[in-house]
Amino acid sequence: MFLLVVDLDIFKNFLSFVGVDSKSKAADQASAEISSPVLKRVVIPDNLFSIPGGKLNGRDFSVISTGIPEFDALIVAKGFEKGSSVLISGGAGTGKTTFTLQSIYNSIVNYGERAIYLSFEEDPEKIKLHMKKNYGWDFDSLEKDGLFAIIKIDPVAISRGVEELLLEKEGELKIGLEKIQLPFAPDKIVVDSLSALALAFSDDQNYRRYTRELFESLEKLNCISYLISETEQDPKIYSRTGVEEFLADAVIVLYNIKNREKRENAIEILKLRSSSHVKGMVPYSMTSKGIKITPRTK
């Protein structure tokens with residue numbers, strides 16, 4: 001990124017205006033390039049406005065890194081806008097859970113964030129055990145430090161609660177996350193999965209109403225929300241009803257594609273409202289350190 005700078009004081013005033021600490025390492029790096037009060041093209045470090053970001057006229061416009069550098073590189077903004085809801089779609093075994101847990105683990109360890117994982121299917125202890133065994137990610141330690149929480153939720157209980165409320169009144173339904181006690185305000189939250197939640201509803205209309213409330217509740221948290229959706233290996237639709245991908249700010253699809261005698265993985269940013277991004281599928285592989293996205297070669 002480049003700025004045309006007339007004067008060092010003007011540059012510092014600009015940083016103050018957008019809410020960036022002028023004494024930060026990234027700001028110092030940019031300021032050091034301005035040696036005289038003349039018009040100059042100054043290189044601005046990529047991380048100056050991305051972490052932790054800033055505010056413009058009271059509005060938070062922070063861009064939050066996913067914690068996966070190779071994925072951030074696919075996005076011009078180098079991450080998701082704060083408050084974004086991100087639908088993670090893909091078939092069984094494509095690494096949807098791994099992607100989200102890799103994102104929050106790296107974000108906690110590298111950036112000091114806090115994250116919550118809402119599991120509608122698998123046992124929390126089993127999830128943590130698998131992550132530590134497969135990738136060395138020690139979520140137990142992060143949980144003890146108050147930086148991570150994993151909560152098991154019964155999707156059937158939610159569906160019954162929604163249907164009972166709809167029988168009582170025909171007005172607005174407000175039951176997004178209100179019945180779920182979150183231990184702290186997270187920087188990232190994962191809902192795993194919308195597919196399990198959808199199966200608990202006997203009526204698609206009730207599920208769609210609840211989904212809208214859920215997205216609204218997540219938006220109020222002003223964090224990055226990952227919502228996992230199970231699809232076919234080479235999907236034509238990316239959620240059960242289609243309303244999920246309409247409501248989401250971003251749709252990320254993980255593929256497991258059969259190529260002759262073997263299968264290959266690819267990831268695609270199908271939709272992203274807040275930034276330009278790489279179009280099309282990008283290869284990735286599952287490694288002992290998690291998902292490894294292979295940059296395209298020119």
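Details
- Test: residue in the range 106-116 that is surrounded by fewer than 17 Cβ atoms within 10 Å (Cβ to Cβ) and either among the polar types (S, T, N, Q) or in contact with a Leu (Cβ under 6 Å, 6 or more places away or on another chain) (or both): yes
- Residue match in the range 232-243 (condition: touching a residue at least 12 places away in the same chain (Cβ under 8 Å), in contact with a helix residue (DSSP H, G or I) (Cβ under 7 Å, 6 or more places away or on another chain), closer than 21 Å to G91 by Cα and assigned to a strand (DSSP E or B)): no
- Members of the range 117-139 that are at pLDDT 95 or above, among the hydrophobic types (A, V, I, L, M, F, W, C) and surrounded by 15 or more Cβ atoms within 10 Å (Cβ to Cβ): L118, I127, M131, W137, F139
- For the range 175-206, a residue qualifies if it is surrounded by 17 or more Cβ atoms within 10 Å (Cβ to Cβ) and either among the small types (G, A, S) or in a helix (DSSP H, G or I) (or both), and the qualifying residues are G176, S193, L194, S195, A196, L197, A198, L199, A200.
- Condition check for G95: on the phi > 0 side of the Ramachandran plot and either touching a Pro at 6+ places or on another chain (Cβ under 7 Å) or in the same structural domain as S141 (by TED's automatic domain parsing) (or both): yes
- Residue count, the range 80-95 (criterion: out of contact with any Phe, Trp or Tyr (no Cβ under 9 Å at 6 or more places or on another chain) and surrounded by 24 or more Cβ atoms within 10 Å (Cβ to Cβ)): 1
- Residue in the range 250-258 that is in contact with a Gly (Cβ under 6 Å, 6 or more places away or on another chain), within 26 Å of R160 (Cβ to Cβ) and assigned by TED's automatic domain parsing to the domain that holds I104 present: no
- Search result, residues across the range 254-298 that are polar (S, T, N, Q), in contact with a helix residue (DSSP H, G or I) (Cβ under 7 Å, 6 or more places away or on another chain) and closer than 21 Å to S65 by Cα: none
- Test: residue in the range 207-223 that is surrounded by 17 or more Cβ atoms within 10 Å (Cβ to Cβ), modelled with pLDDT of 90 or more and not in a helix (DSSP H, G or I): yes
- Qualifying residue in the range 239-256 (condition: out of contact with any Ser or Thr (no Cβ under 7 Å at 6 or more places or on another chain), of a type in the set (K, R) and surrounded by fewer than 22 Cβ atoms within 10 Å (Cβ to Cβ)): no
- Elements of type helices (runs of 4 or more DSSP H) contained in the range 82-174, each with 3 or more residues being over 22 Å from the mean Cα position of the chain (by Cα): 124-135, 155-168
The values are calculated or read from the model by the stated rules, or taken from the named source; none is laboratory data. Everything numeric here is computed off the predicted structure, so don't read it as measured data. We place every Cβ from the backbone using ideal geometry, glycine too, and count neighbours over all the protein chains shown.
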